[in-house]
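These notes concern the structure reproduced below.
The numbers here are math on the coordinates, done by the rules we state, and not lab data. Just so it is clear, the structure is predicted and the values come from calculations on it, not from any experiment.
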Amino acid sequence: LSMARTPDENSAGSQFFICAAAVNRLDNQYTVFGQVISGLEVIQQIVNTPRDNRDNPKEKIAMEVSIIPRSKALEE
C-alpha cells in the first residue's frame, strides 16, 4: 500500500495504490505505509475487471478500508 503522486516527490495527497504483484521499478520511489492483511480477493477482483481505454474499471468496485495501528495488528 503506497501513496500515489505526480512526478514531484512532494505531491502525495489522499490517493493510494496497491500492487497485486512485485513491481521492482517502483522500489524506493513511493512511500509505503501499509499492507493488505485481508480481502486479497477484492484486489484480484479489481485486477481481473474489464477496463476501458484509459485503464479504468468498466464497473465500480467498492472497498472497505480499515486502518489498524501497527501495535494493534501485532497483537492479533
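Can you show me the helix-derived [θ] at 222 nm for the chain, built from DSSP H runs with n ≥ 4 at -39,500 (n - 2.57) apiece and divided by the number of residues, rounded to the nearest 500.
Value at 222 nm, helices only: -5000 deg cm²/dmol.
Which whole-Hz couplings ³J(HN,Hα) result when phi for each residue of the range 20-33 is put into the Karplus expression 6.51 cos²θ - 1.76 cosθ + 1.60, θ = phi - 60°, listed in order with x for Gly and Pro?
Couplings: 7, 8, 4, 10, 4, 5, 8, 4, 6, 10, 9, 7, 8, 10 Hz.
So what's the chain giving for Rg/Rh, alpha carbon basis, Kirkwood Rh from the mean inverse pair distance?
A ratio of 0.98.
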